[in-house]
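Data first, discussion second: the structure below is written as structure tokens.
The values are calculated or read from the model by the stated rules, or taken from the named source; none is laboratory data. Predicted model, so just to flag it, every value in this text is computed and none were measured. FYI the Cβ positions are ideal-geometry reconstructions off the backbone, even for glycines, and counts take in every protein chain you see.
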Amino acid sequence: MLGAIFIVMIVMTIPLTAIITDHRRRMARYQADRLQDEIELEKLKQQNFIAETEKMKIELEKMKLDYTAADGLSKKKLGERVLLPEAADGK
């Protein structure tokens, strides 16, 4: 009787072991896929950061050029009277 119970227990552990092993393999595969997606997301974030940084550099250079151009005009017209658009309307 004790031997029969022991044999049944051994026979039942084989499918349980297969189920547990299959579950662990699937979880490892899901984790690997998720990790791959996270890596791809980080790459996209890095590319976006670089693009935004370049865009900001261009905007800063444009602002510097606009400022120096406006500064040059104001130095030329320092002795002249300059009317603002609001003053030209009489308001």
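Can we say I10 is loosely packed, with under 10 Cβ neighbours inside 10 Å and modelled with pLDDT of 85 or more? The answer is yes for I10.
For the stretch 44-72, a residue qualifies if it is under 11 Å from the mean Cα position of the chain (by Cα) and of a type outside the set (D, E, K, R), and the qualifying residues are L44, Q46, Q47, N48, F49, I50.
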